[in-house]
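The values are calculated or read from the model by the stated rules, or taken from the named source; none is laboratory data. Since this is a predicted model, take the numbers as computed values, not measurements. Neighbour counts are summed over all protein chains in view; Cβ atoms, including those assigned to glycine, are modelled from backbone coordinates with ideal geometry.
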Amino acid sequence: MSTYLITCTPAHGHIAPLLTIARHLRGRGHRVRMLTSERYAARVRAADVEFLPLPAAADVDLDEPDAAFPERRGLRGPAALRFDMINLFLAPGEAQLDAVRAALREAPADAVLTEPLFVGAALLNELPRTERPPVVALGIFPLGVKSRDTAPFGLGVPPGRGALARWRNAALTLFAEKAVFGAVAREADELARRTVGRPFSRFFLDWHSAADAVVQFTVPAFEYPRSDLPANVHFVGALPPTAPAVDLPEWWGDLDGSRPVVHVTQGTIANADFSQLIGPTLEALAGDDVLVVASLGGRLGGALGPVPANARTAAYLPYDRLLPLTDVVVTNGGYGGVQQALAQGIPLVVAGKTEDKVEVAARVGWSGAGFDLRTNTPSAARVGAAVRRVLSDDRYRRRARDLAGAYAQASALDGLDRVLETTRSAAEARSSSIR
């Protein structure tokens, strides 16, 4: 039996997949401890995982950041990115690292498992390997390791080919690191000097390139090709669905295969305003011979108002049962949901420009398995045209089915086990050589 410490920034989109991983490791008999916000204590304990609370200085609510930082409202573009990086991610880093060190003193771990935005783990990774356990980054959003073959993460720019594309990537990377994120990088390096005695050994957003392992929860065919991909990156496939168990709605029998099913979702967080995507989708397809199924992410349907006759709604829906009956998924680009749709061979229409969603949407378009609307707030006309295009052009479905074949060959949690075992063996070998 091994002991694992899982660290997670306080965000629903992060905690859900990490709890799937934690449950799996507990099921294999390992001791698992999770360091995250007190808001998630009940969910962590319900997974039979030991809960460790983040200190107040590190407990920033990433789901409702404007409540803590009203000055964030109205920021757009690079200014918003810089504000978030400094205040939401770097500022809690020192307290996160202190909490990680305290947890490791209390119970030494065979590895620290983390999502890449937990800065405390990034700082831990800067210590010599003799002073820390292995650090394993969990790729629960698109792969962000730096490469000469890709533009900087966050721009949503698909890769090109040849020397000209590499020149473009280099120029964009220089601009991003020195201009857009220059002040943030300096702040990150000062944080590292203060906590571990030296600046980050590389651009801080690329820290996981130097982790002991990166477990990326997708297949290579959905990621941009990188000729310089680090050897520590392991593609293991899609995590199983993390949606809660729910009863089937009374209209479930309408999914009888008599007409195409279009599923639309804004996820479980970015759904306070249904006019962003769910509303336009219902409006656009109201006159089409399809059944539109909307998942409201736990919110009440009353906020949506009256729905067309060919639409059905529910607070939550069981993806394991819904997706096999679905012909197209319309989404704002949540990474896990997109992976699940593609694993079922379902083409997508994606409208996402915030957080990592811009990168998810760009990969959907680049892969040929769907249509990238390149906006957060598409008009009904644009959504309708995209859905009809994906339904009528079989190339999208063929490409999605090709990807589904790749996903079928991978077992994400078994792949995680293999990486952890290899990482543990490598750590033991290094320890033996030192002795």
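Considering only the stretch 363-385, state which residues are within 17 Å of residue 266 (Cα to Cα) and under 24 Å from the mean Cα position of the chain (by Cα). So that I can check it myself, show each step before the final result.
Step one: list which residues in the stretch 363-385 are within 17 Å of residue 266 (Cα to Cα), which gives 364, 370-380, 382-384.
364, 370, 371, 372, 373, 374, 375, 376, 377, 378, 383, listed by residue number.
Cβ contacts < 8 Å: first residue assigned by TED's automatic domain parsing to the domain that holds residue 144, restricted to the stretch 165-178; second residue part of a helix (DSSP H, G or I) and not charged (D, E, K, R), any location; separation 6+ or different chain. Result?
177/185
Of the residues in the stretch 121-133, how many are in contact (Cβ under 8 Å) with a residue 12 or more places away in the chain and in a loop (DSSP other than H, G, I, E, B)?
Here the count works out to 4.
Looking at (1) outside any loop (DSSP other than H, G, I, E, B); (2) out of contact with any helix residue (DSSP H, G or I) (no Cβ under 6 Å at 6 or more places or on another chain); (3) buried (at least 17 other Cβ atoms within 10 Å of the Cβ), find the lone condition where residue 137 falls short.
Failing condition for residue 137: (2).
Restricting the stretch 368-404 to residues that are farther than 28 Å from residue 155 by Cβ and without any contact (Cβ under 8 Å) to a residue 40 or more places away in the chain, which is surrounded by the most Cβ atoms within 10 Å (Cβ to Cβ)?
This residue is 398.
Please work out if residue 197 is at pLDDT 95 or above, in contact with a strand residue (DSSP E or B) (Cβ under 9 Å, 6 or more places away or on another chain) and small (Gly, Ala, Ser).
Judged against the criteria, residue 197 is not a match.
Out of everything in the stretch 167-202 that is within 23 Å of the chain's Cα centre (by Cα) and part of a loop (DSSP other than H, G, I, E, B), what residue ends up being surrounded by the fewest Cβ atoms within 10 Å (Cβ to Cβ)?
Going through the qualifying residues, I end up with 202.
Do the conditions hold for residue 71, that is, is it among the acidic types (Asp, Glu), modelled with pLDDT under 95 and either out of contact with any strand residue (DSSP E or B) (no Cβ under 6 Å at 6 or more places or on another chain) or outside the structural domain of residue 176 (by TED's automatic domain parsing) (or both)?
yes
With 352, 345, 384 as the choices, which residue is in a loop (DSSP other than H, G, I, E, B), outside the structural domain of residue 12 (by TED's automatic domain parsing) and within 19 Å of residue 274 (Cβ to Cβ)?
Among 352, 345, 384, only 352 is in a loop (DSSP other than H, G, I, E, B), outside the structural domain of residue 12 (by TED's automatic domain parsing) and within 19 Å of residue 274 (Cβ to Cβ).
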